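To start, the structure itself, in structure tokens.
Please treat every number below as a calculation from the coordinates, not as lab data. Worth saying up front: this structure is predicted, and the values here are computed from it rather than measured. For neighbour counting, all protein chains shown are included, and Cβ atoms are generated from backbone atoms with ideal geometry for every residue, glycine included.
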Amino acid sequence: MVGTGSSYLKEGTLLTPVAVLKLHNIKTSSSITSLITGTLESLSPSNDSNYFEPISILLFPQLNYKFTFVSGDFADEFSDGSDPGKNLPVYDVLRGRSFCSKFTSLVFRNVYNLQYTGCRSNKKCPPRDGVIANLPGSMSLSAVDCSDVLKGVQILLTFDDNTKPSRHEKRFDPNITLIGEGIWDDKKNQLHVLLCRFLDIANSWSNAHVGDCTTRLSLRFPAIWSIKETSTIMGQFWTNKTVDDSGYFEKIVFRSTENRIDTLYRPKYEYTELDRVSNLCTEKKLARSKRQKYPSPKFSGMRFSISVKSSKGRTGWGFADALTVNNQMYMHTRIMFAAINDDFERLTRWEPQGRANISYIIDIKWHNPPKLTNEGSASIALDQKMEITAEGIYDADTGGLCMVGCRKIASIDQFGNASMDCDIILNFQFAPVKGFKNERYIRGRIRSIREKSDLLYFHPLDVSSVAYSREQARHTIWTMDLEIAMVVISQTLVCLFVRSQLYHSKRQPNRLPFTSLVMLVIFTLGQLIPLVLNYEALFHQKNDQGTVLFQTGRWFEVNEVIIRITSMVAFLLQLRILQQAFLSRSNNRNGKGLWFAEKMSLLVTLPLYLYGAFVVLLADRGNYRRSTVLLPTRPVDYWQRSTWDDLKSYAGLISDGFLLPQILFNIFSSSRENTLSPSFYIGTSLVRLLPHAYYLYCDHSYVEYKGTSIYANPAKDFFSTAWDVIILIGVLLLAAIIYLQQQFGGYCIVPKRFR
């Protein structure tokens with residue numbers, strides 16, 4: 001085929017290359033060992049700017065592809081001795097979906113860590129004859145073709161070259177890639193794959209072909225988990241060559257890096273460390289006199305975010321994810337607070353609830369970069385994150401949780417093998433669930449029981465999290481619904497007050513030129529800014545944060561639409577007032593005097609606003625503020641209030657004092673016209689004050705979460721006890737001055753000697 005393309009150079013020069021595409025073996029390629037090869041060659045002279053070097057092309061057959069691999073023919077090679085009963089059957093994995101759709105979403109969207117089980121020399125480890133510069137620590141699988149009928153897949157296995165800076169920057173490289181064909185074996189509950197290599201690819205792909213199909217791979221979904229094995233997907237691959245053959249390598253085990261338990265159907269968990277737990281954990285005496293009720297092990301709050309601080313001052317955040325309670329898997333769907341069910345019975349008297357076996361996966365990510373020291377705890381200092389699998393006993397009568405944990409050691413030996421440290425004790429104390437207590441925290445400690453001289457020893461880690469009961473959840477949902485209603489009411493009132501001003505101007509058009517345009521611009525921008533900054537941020541956290549904070553059905557979405565509509569209507573009405581005032585001013589006979597007063601008011605307010613912004617920036621540089629927000633339904637959000645947040649709050653302060661330019665305009669124009677409708681300037685001022693009054697009134701006995709301040713939002717204005725009092729007094733004072741000026745003239749507030 002011959003064709004023409006177009007492309008631009010960095011300098012902006014347009015190129016129109018003419019090329020010919022040549023493909024071979026299109027009809028004859030139909031099996032795993034056949035490829036479609038070809039070249040894309042330029043038809044331009046070599047000295048032409050449109051010329052390019054020939055490009056080799058490699059395609060996998062799909063149109064006429066036939067699965068030829070039958071695992072039964074290689075039954076002896078796939079007899080690894082594993083018990084098929086310890087693997088999930090395929091129907092438990094598919095859960096009603098087709099083989100290709102479910103299998104693709106599970107297997108081919110994962111990264112697998114490699115463990116070199118039998119390496120004694122570097123020559124026996126690499127599966128590619130040492131072509132890979134560094135021993136790969138992980139691999140990925142991708143699908144080329146799939147058959148639902150045969151339960152077969154054609155796959156590409158790609159080893160991660162550790163020299164590449166990012167996984168997203170990696171391209172197809174046949175030197176580190178194997179191509180294979182696999183069939184699901186229902187008897188062994190495994191995927192059996194025959195893998196082949198790309199050959200004759202040194203200089204060009206035009207002569208490439210597939211051969212050396214001596215590598216085998218088996219993949220399975222473990223049906224039984226334990227403290228040392230919680231992989232959703234695992235398997236191994238090996239060669240049927242002998243030790244003396246070229247290309248021989250030892251068996252390599254791979255495990256998925258993501259433990260997506262919600263995608264599988266009821267894997268079982270085996271407790272193997274309960275004897276150690278009984279020996280290492282001291283039983284807490286039951287305090288019956290306090291009559292306190294602690295969370296049931298099936299309570300949704302058993303899954304919580306954590307804040308971590310080491311004894312050396314290093315901080316981090318993470319998530320404690322419950323795996324099992326006794327012999328049942330913990331529900332891992334996102335909690336909806338509107339439907340919280342903590343399984344507590346409303347007992348008239350306190351009764352012991354007993355103890356339960358429980359297992360956890362705990363992930364911790366560190367904030368500050370590690371500082372290397374000469375101490376024996378260097379191993380943990382090198383880790384950017386910490387992964388612990390733990391199991392133990394939870395006492396629902398005392399709220400105590402004690403577990404033995406195993407952490408994955410991130411440091412890898414020269415053969416890519418990671419190890420585990422199972423000498424870890426985890427202690428947590430849950431808070432009572434009744435009422436609103438000041439001590440509403442889950443507190444705990446993670447410590448190593450190794451000697452301090454041991455390389456795997458690490459300093460104790462103090463852990464804390466917010467305990468969130470059903471009563472608090474109901475209170476929070478009620479508060480959020482109230483705030484949403486207040487926002488809707490406030491925006492509706494603004495529309496009514498602006499409409500009253502339009503009606504007032506229509507009845508008395510001769511007074512419209514005396515309206516300050518600076519005031520109307522500030523008033524209009526104060527309504528426009530929330531629309532530009534997107535009101536959605538009031539209800540949803542963006543995905544870079546990870547999740548939706550609270551969900552109560554479609555209630556948020558409906559009210560978001562209502563608020564957007566009312567805000568847009570208010571903005572259009574304000575824009576209409578601004579337009580009428582400008583046209584009226586332009587057509588007024590005394591326009592020069594009024595424009596002079598407008599300029600003078602602008603000369604006073606503009607430096608004042610700029611000076612205030614400068615003070616905000618100066619204060620922001622001197623105060624580095626960070627607030628830690630712990631959310632039981634998502635990872636801990638460490639939020640730093642930025643300079644931009646402060647400037648937005650300052651813009652809200654300017655909007656609160658929107659009457660100031662009108663006061664200055666009245667002074668410079670000596671106006672005593674009844675320009676503003678009382679319902680407009682008094683009503684709008686009260687609407688601006690309501691969030692501050694509400695903030696003062698709010699009950700702060702519960703933990704305040706970022707994102708729940710829908711009505712009194714600190715990202716839109718200054719909110720604190722001092723600021724609220726100052727703003728309340730200031731806004732009322734401005735409204736009172738407007739009233740006096742419209743009654744007695746603009747100079748009425750100016751001392752006589754300055755008039």
*Just need the Rg to Rh number for the stretch 135-236, please, alpha carbons only, Kirkwood Rh.*
1.01
_Around residue 145, under 11 Å between beta carbons, what's the net of Lys plus Arg minus Asp minus Glu among the other residues?_
0
*May I ask which of 251/452; 293/452; 228/365; 102/408; 27/151 have a Cα-Cα span longer than 27 Å here?*
251/452; 293/452; 102/408
*Rank by packing, highest mean first: peptides 599-612, 657-670, with packing defined as the count of other Cβ atoms within 10 Å averaged across residues.*
657-670, 599-612
*Provide 225, 478, 317 in ascending order of the number of other Cβ atoms located within 10 Å of each residue's Cβ, fewest first.*
478, 317, 225
*Excluding residue 582 itself, what net charge comes from residues whose Cβ is under 14 Å from its Cβ, given Lys and Arg +1 and Asp and Glu -1?*
+1
*Once you sort the root eigenvalues of the Cα gyration tensor of the stretch 2-59 as a ≥ b ≥ c, which label holds: rounded (a/c under 1.5), prolate (a/b larger than b/c) or oblate (the other case)?*
prolate
*Expressed as a rounded percentage, what relative contact order does the stretch 2-59 have, with Cα pairs under 8 Å and six or more residues apart?*
29
*Compare the peptides 442-454, 48-60 by average per-residue count of other Cβ atoms within 10 angstrom and give them in order, highest first.*
442-454, 48-60
